[in-house]
Amino acid sequence: MPVHAQTVLHVALAVPLPSLFDYLPPAGSQAGAADIGRRVRVPFGQREAVGIVAGCGPAGVDPAGLRQALAWIDPAPLLEGELLDSVRWLARYTHAPPGEVLATALPASLRRGEPVPDTSEPAWRLTEAGATALPAMRAGRPRDLAGILHGGVRHEAMLDDLMPGWRPAARALAGRGLAEQVALPPSQLAPAPGTGPQPNPEQAEAIEAIRAADGFAPMLLDGVTGSGKTEVYLHAIAQCLARGRQALVLVPEIGLTPQLLGRFRARLGVPVHVSHSGLADADRARTWAAALRGEARVVVGTRSAVFTPLPEAGLIVIDEEHDGSYKQQDGFRYHARDFALVRARALDVPIVLGSATPSLESLHNARSGRYTHLRLARRAGTARPPRVRVLDVRKRPLEAGLSREMLEAVEYALAAGGQVLVFRNRRGYAPVLLCHDCGWSAACPRCSSPEQPRPMTVHAQGRRLQCHHCGHRRGAPTACPDCASLGLQPQGIGTERLEELLAARFADYPVLRIDRGSTRRRDALAKLFAELGERAGVLVGTQMLAKGHDLAGLTLVAVVGIDEGLFSADFRAAEKLAQLLIQVAGRAGRAERAGEVLLQTHHPDHPLLETLINGGYHAFADIELAQREAAGFPPFAHLAMLRAEAKHAEPPMAFLHAARRALGDWRRALEPANPAASDVEANGPMPAPMARRAGHYRTQLLLSAPRRAPLHAALNALVPALYALPEARKVRWSLDVDPIDLY
């Protein structure tokens with residue numbers, strides 16, 4: 001065999017480089033196609049790294065100069081078949097380094113080279129001593145847990161539902177020898193399936209359409225808030241399980257998982273596995289491994305769960321498919337909803353995209369026949385749509401941003417025993433700290449530029465300043481740094497200030513704040529909802545409260561501070577605001593009691609508000625889609641955003657000018673033979689709307705084309721050239737295909 005023909009391993013490493021790395025196989029082994037998808041430990045520079053074999057073949061150089069891989073980690077491939085093919089497709093589509101993409105498909109612990117975990121489920125049971133001691137135990141949480149365990153072995157996921165916060169009690173019982181942890185095979189943990197309400201005719205039609213789907217069938221489940229989309233999911237998943245297949249359900253936020261899991265576990269008759277960033281790495285790896293082995297029949301997870309292996313796939317569900325959190329916004333940028341569609345096609349299974357406010361892309365696909373359009377136009381059961389009123393607050397006095405009419409409505413709802421949601425999509429105490437005497441304002445030193453100061457948000461009732469863009473924090477000054485005045489005043493309203501006002505005004509009722517600051521700890525959101533229970537009370541929060549939560553006692557939604565969203569320059573701003581308003585309004589009146597929504601604004605005659613109130617989301621979508629088509633924006637065009645940043649403003653601009661010249665060279669070379677090359681337009685380079693962030697100046701170049709093929713042909717030529725540009729060494733750059741935010 002010629003020296004260069006010796007078979008070597010082409011290894012993908014999680015580094016920001018577009019190439020694979022050649023290694024000789026580990027000592028005593030031969031390289032072959034059966035090794036593709038295996039993890040291998042290799043030397044890389046002065047350290048060791050964990051890589052994934054992406055291919056095998058002849059060396060590109062003399063093998064004598066190659067380093068040898070150190071050891072195999074797995075006896076067989078972890079990534080193979082459909083998942084490996086789909087991930088390779090994703091690397092090509094996003095034009096991202098293959099090592100970063102392949103690594104993303106594995107849980108963090110497996111990326112580090114840890115072994116594939118045991119998938120037996122941890123469970124707890126009483127010991128003989130515990131069963132004997134139970135009657136004499138003192139009242140308390142250990143006694144409560146012992147009572148639950150007396151009914152039999154309970155796995156930890158079940159205990160999470162039966163007794164939130166049970167772990168300290170379990171440790172107390174175990175320390176006294178009264179309870180012990182055991183490991184059970186997943187098959188022993190299946191609860192008995194439950195029953196639900198009888199589907200109404202619209203739900204039954206949607207359920208039947210999903211059941212009758214043969215192979216790949218994308219469906220948009222377009223249902224108003226409270227129409228029972230989850231009930232449709234449950235029936236579709238039950239049918240999938242009855243065929244002996246696996247189901248994957250994606251949700252946009254961790255906060256949605258506990259409520260959804262409770263319903264799924266009560267109904268499906270199988271263990272429901274979970275995957276999201278709030279779990280420990282070991283728990284996420286256990287779910288991934290259980291799915292790989294076919295033990296996990298239902299997996300519910302957030303964005304990264306789209307990489308779950310599905311060897312026996314039967315159904316994929318994307319709940320709240322419009323939500324922006326499905327898009328990975330840093331590092332390797334992908335859209336979980338769009339990748340789920342690719343996987344569903346490769347797996348040849350139906351996929352259901354559910355939303356009360358579908359993305360305009362999905363709605364366009366449904367209207368053009370690419371997706372089956374399933375409509376749920378009425379609320380389920382006896383629930384009625386909420387009554388919507390607009391409060392014109394021009395020239396009216398406001399108390400912490402709330403009008404007198406709004407406060408009176410809150411008081412009336414509480415007195416009637418209802419719950420109130422006060423929605424303000426800005427956390428913190430106030431958006432700005434301002435000197436009343438000279439006009440100085442507290443700006444972030446890492447995100448501000450001379451032309452564009454970025455205010456720091458006031459927190460902790462004026463004691464702390466924090467930048468919500470880069471996280472920079474400092475204490476609030478006691479006097480103005482410019483004029484030494486003591487007249488520093490918080491300006492504007494955040495959730496903390498609303499909480500302070502409402503807690504003082506309605507001291508007899510619980511007032512709970514739900515935003516990123518109050519829900520950082522594990523299970524914090526579930527605990528806050530449990531604290532409120534069914535009592536009359538007030539929830540103050542951001543968009544976290546708009547995403548699918550089912551609050552049966554909620555009778556009033558008060559929306560505050562929407563005006564700034566009415567005039568954004570982002571072409572998607574109107575869509576995002578419309579979705580947010582419809583979603584948060586949909587939390588009201590979801591049970592027997594009627595609901596009301598109050599929209600407080602200085603612009604009551606704004607066309608967006610008038611359209612939403614009088615015509616609903618679909619009337620808005622008709623107008624917005626027509627405007628997008630006229631302007632050449634998605635879904636009628638395809639975009640890619642090239643971004644660059646550095647500590648000084650000049651290098652990013654120089655890099656993107658060089659990138660634009662490289663694109664022009666490609667177009668001139670192809671246009672005589674391929675006129676479609678001229679379809680790719682470049683806009684910029686220009687400073688990003690937020691020109692400085694975390695100490696780095698940011699610049700962007702937007703590429704657009706009416707069809708995907710010319711755009712990707714341009715990127716295929718451009719991206720390799722970018723790595724070779726001398727200017728690339730002076731910046732940090734990224735490519736975002738199908739961006740959802742142009743900032």
> Along the range 614-619, what does the Karplus equation 6.51 cos²θ - 1.76 cosθ + 1.60 (θ = phi - 60°) give for ³J(HN,Hα), rounded to whole Hz, x for Gly and Pro?
Replying inline: 8, x, x, 5, 5, 5
> Dimensions of the range 132-286 along principal axes (Cα, Å, largest first)?
Replying inline: 56, 33, 29
> Which net charge results when you count Lys and Arg as +1 and Asp and Glu as -1 among the other residues whose beta-carbon is under 14 Å from that of Ala27?
Replying inline: +2
>> Quick one: 3J(HN,Hα) in Hz for the range 135-147, Karplus 6.51/-1.76/1.60 with θ = phi - 60°, rounded, Gly and Pro as x.
In response: x, 9, 5, 6, 4, x, 5, x, 5, 4, 5, 4, x
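Could you quote the convex hull projected area for the chain, Cα atoms only and averaged over all directions, in nm²? Let's see the in-between values first.
Numbers: hull surface 152.5 nm².
For the Cα atoms of the chain, the hull's average projected area reads 38.1 nm².
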> In Å and whole numbers, how far do the C-alpha atoms of the range 533-621 stretch along each principal axis, longest first?
Replying inline: 41, 23, 23
> Which whole-Hz couplings ³J(HN,Hα) result when phi for each residue of the range 104-114 is put into the Karplus expression 6.51 cos²θ - 1.76 cosθ + 1.60, θ = phi - 60°, listed in order with x for Gly and Pro?
Replying inline: 4, 6, 10, x, 4, 5, 6, 4, 7, x, 6
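At a Förster distance of 22 Å, what's the computed FRET efficiency of Asn200 paired with Arg387, Cβ-Cβ distance as r, to 0.05?
0.45
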> Hey, rough spin-label estimate for Ala415 and Ala27, points 7 angstrom out along Cα→Cβ, what's it come to in nanometres?
Replying inline: 8.5 nm
> How would you order 462-472, 290-300 from highest to lowest mean count of nearby Cβ atoms within 10 Å?
Replying inline: 290-300, 462-472
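Taking a ≥ b ≥ c as the square roots of the eigenvalues of the Cα gyration tensor of the range 431-491, is the shape rounded (a/c under 1.5), prolate (a/b larger than b/c) or oblate?
oblate
Mean residue ellipticity at 222 nm from the helices of the chain, using -39,500 (n - 2.57) per DSSP H segment of n ≥ 4 over the full residue count, to the nearest 500 deg cm²/dmol? Could the numbers behind the result be given before it?
Working: 21 runs with 232 residues, N = 743.
Value at 222 nm, helices only: -9500 deg cm²/dmol.
Magnitude of the Cβ-charge dipole of the range 201-376, K/R +1 and D/E -1, about the Cα centre, nearest 20 debye?
Working: 20 positive and 19 negative charges, 64 e Å.
With Lys and Arg at +1 and Asp and Glu at -1, about 300 debye.
Roughly speaking, what % of Cα-Cα pairs in the range 467-605 are separated by over 25 Å, rounded to a whole number? List each step's numbers first, then the result.
Numbers: 3758 of 9591 pairs.
Of all Cα-Cα distances in the range 467-605, 39 percent exceed 25 Å.
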> How large are Rg and Dmax for the range 201-376 when only the alpha carbon atoms are used, in Å?
Replying inline: 14.9, 45
> Amide H of Ala49: which non-local residues (sequence gap of 5 or more, or other chain) have their own amide H closer than 5 Å, using H built in the peptide plane?
Replying inline: Val42, Phe44
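Would you work out if the range 46-118 is rounded, prolate or oblate? Take a ≥ b ≥ c from the square roots of the eigenvalues of the alpha-carbon gyration tensor; rounded if a/c is under 1.5, else prolate when a/b is larger than b/c, oblate otherwise.
oblate
For the range 385-456, would you read off the P(r) tail past 13 Å as a percentage of all alpha carbon pairs?
Values: 1997 of 2556 pairs.
Cα-Cα pairs of the range 385-456 separated by over 13 Å account for 78 percent.
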>> Just want to confirm a number: the relative contact order over the chain, from Cα pairs under 8 angstrom separated by 6+ residues, in percent.
In response: 10 percent
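How big is the Kirkwood radius of the range 1-108, worked out from every pair of different alpha carbons and given in Å to one decimal? Display every interim value, and only then the final one.
Values: mean 1/r = 0.0717 Å⁻¹.
Computed over the range 1-108, the radius equals 13.9 Å.
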> Amide H neighbours of Leu421 under 5 Å, counting only residues 5+ apart in sequence or on other chains, H built in-plane at 1.01 Å?
Replying inline: Leu539, Leu556, Val557, Ala558
>> Neighbour counts of other C-beta atoms within 10 Å: give me Glu451, Glu321, Glu727 arranged from fewest to most.
In response: Glu451, Glu727, Glu321
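Going by average Cβ neighbours within 10 Å, how do the peptides 417-427, 533-543 rank, with the highest at the top? Please list the in-between numbers first.
Values: 417-427: 23.2, 533-543: 20.1.
Per-residue mean Cβ counts within 10 Å order the peptides as 417-427, 533-543.
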> Can you list residues whose amide H is under 5 Å from Leu78's amide H, if they're 5+ apart or on another chain and H is modeled 1.01 Å from N?
Replying inline: Arg38, Arg39
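Quick check: net charge around Ala49, other residues with Cβ under 11 Å of its Cβ, Lys/Arg +1 and Asp/Glu -1?
Values: positive: Arg39, Arg41, Arg47, Arg111, Arg112; negative: Glu48.
Counting the neighbours of Ala49, the net charge comes to +4.
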> What is the local net charge at Thr127, summed over the other residues whose Cβ is closer than 10 Å to its Cβ (Lys, Arg +1; Asp, Glu -1)?
Replying inline: 0
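Please sort by residue number the trypsin sites (Lys or Arg not before Pro) in the range 616-662 whose DSSP state is loop and whose Cβ has at most 16 other Cβ atoms within 10 Å. Each step should come with its number before you reach the end.
Working: sites: Arg628, Arg643, Lys647, Arg660, Arg661; in loops: Lys647.
Within the range 616-662, the qualifying trypsin sites (Lys or Arg not before Pro) (loop, at most 16 other Cβ atoms within 10 Å) are Lys647.
Work out the count of Lys pairs in the chain where the Cα-Cα distance is under 24 Å, with the pair 8 or more places apart or on different chains. Don't skip to the end; give the middle numbers.
Values: Lys229/Lys327; Lys229/Lys547; Lys229/Lys576; Lys327/Lys547; Lys327/Lys576; Lys527/Lys547; Lys547/Lys576; Lys647/Lys730.
Close lysine pairs under the 24 Å cut-off: 8.
Mean 1/r over all different Cα pairs, inverted: what Kirkwood radius does the range 586-743 give, in Å? Walk me through the intermediate numbers first.
Working: mean 1/r = 0.0540 Å⁻¹.
Kirkwood hydrodynamic radius for the range 586-743: 18.5 Å.
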>> 7 Å from Cα along Cα→Cβ at both Ser19 and Ser485: what's the point-to-point distance in nm?
In response: 6.1 nm
>> At a 4.7 angstrom Cβ threshold, list every cysteine in the chain that has nobody to pair with, or say none.
In response: Cys56, Cys240, Cys470
> Taking every DSSP beta bridge that has both residues in the chain, what percent is antiparallel when rounded to the nearest 5?
Replying inline: 55 percent
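Since every read-out is calculated from the coordinates, none of them should be taken as a lab result. In this text the structure is predicted, and so the values were computed from the model without any measurement. Cβ: placed from backbone, ideal geometry, glycine included. Neighbour counts: every protein chain shown.
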